[in-house]
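Working notes, beginning with the structure itself.
The values are calculated or read from the model by the stated rules, or taken from the named source; none is laboratory data. Remember, predicted model here, so these are calculated numbers, not experimental data. Positions of Cβ are generated from backbone atoms using ideal geometry, with glycine treated the same way; all protein chains shown enter the neighbour counts.
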Ligand SMILES: Cc1cc2nc3c(=O)[nH]c(=O)nc-3n(C[C@H](O)[C@H](O)[C@H](O)COP(=O)(O)O)c2cc1C
């Protein structure tokens, strides 16, 4: 089965969800053009998520993707908070940013039962996850209403883990990818590989379709990824 058949899209192109820098408008444009538009939900309150999903649903009849993080929220640590604020202080000064305006604590929330209940009203064709997958119960809910589930892997081990835990397709996220590294099984950054080293190894290891992500910015990049076995490409920075 092709990625287009699996996700119900015309073109094997996924617009990468990019929390903090886009809303439903980019997703609508891409979905209506035949790719898969994505709405990033990690930085949205439930109220904002409902507003975005309502706007998205009103403006496209095509499949779209809603993206969530699956991390464990960090325990508040004042010393760590102070250390990163000190490290970033020169940049705040250079860019004229008032550090007092930067909220303390985590700015990104993981997928929750409340988010799942809201999502059930919209039943998006695709739900994607970053940093692994949600609990078995929450994943079963998402799959139960018919959404296809995709998630990022930065190593072969993560791709195998995602396939074993129910992902319908795996995103091979190369080191070039903008935004967050989606690694979740190991914190050892020396295991992170560039896309064209990682992609063929993941394609060989799993049976589900593999989507290439990281540094792809034009048709030739998509063609190169497909030549290495990708079923499609997830593109982020180029859309910005
Ligand atoms: C500004 C920015 C924010 C991102 N935020 C998310 C996100 O919220 N969820 C996610 O799964 N991936 C996120 N990503 C990663 C993308 O899904 C994807 O892996 C990446 O954009 C691909 O590389 P490219 O930017 O070189 O095309 C983000 C990427 C960027 C550039």
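Among the residues in segment 126-133, are any assigned to a loop (DSSP other than H, G, I, E, B), out of contact with any helix residue (DSSP H, G or I) (no Cβ under 8 Å at 6 or more places or on another chain), touching a residue at least 60 places away in the same chain (Cβ under 8 Å) and closer than 27 Å to residue 52 by Cα? Yes; the residues of segment 126-133 include at least one that is assigned to a loop (DSSP other than H, G, I, E, B), out of contact with any helix residue (DSSP H, G or I) (no Cβ under 8 Å at 6 or more places or on another chain), touching a residue at least 60 places away in the same chain (Cβ under 8 Å) and closer than 27 Å to residue 52 by Cα.
Here residue 86 passes the criteria (1) closer than 20 Å to residue 234 by Cβ; (2) out of contact with any helix residue (DSSP H, G or I) (no Cβ under 7 Å at 6 or more places or on another chain) except the one numbered (1). Considering segment 209-227, the residues that are away from the ligand (no atom under 12 Å from the Cβ) and buried (at least 19 other Cβ atoms within 10 Å of the Cβ) include one that is farthest from residue 17 (Cα to Cα), namely 209.
Restricting 120, 159, 115 to those that are in contact with a strand residue (DSSP E or B) (Cβ under 7 Å, 6 or more places away or on another chain), farther than 22 Å from residue 21 by Cβ, at pLDDT 95 or above and assigned to a helix (DSSP H, G or I) reduces the list to 159. From 20, 34, 105, 96, which residue is surrounded by fewer than 16 Cβ atoms within 10 Å (Cβ to Cβ), under 30 Å from residue 208 (Cβ atoms) and more than 13 Å from the ligand (Cβ to nearest atom)? Step by step, each of 20, 34, 105, 96 is checked, and only 34 is surrounded by fewer than 16 Cβ atoms within 10 Å (Cβ to Cβ), under 30 Å from residue 208 (Cβ atoms) and more than 13 Å from the ligand (Cβ to nearest atom). Residues of segment 46-75 that are at pLDDT 95 or above, surrounded by fewer than 18 Cβ atoms within 10 Å (Cβ to Cβ) and within 16 Å of the ligand (Cβ to nearest atom): 48 alone.
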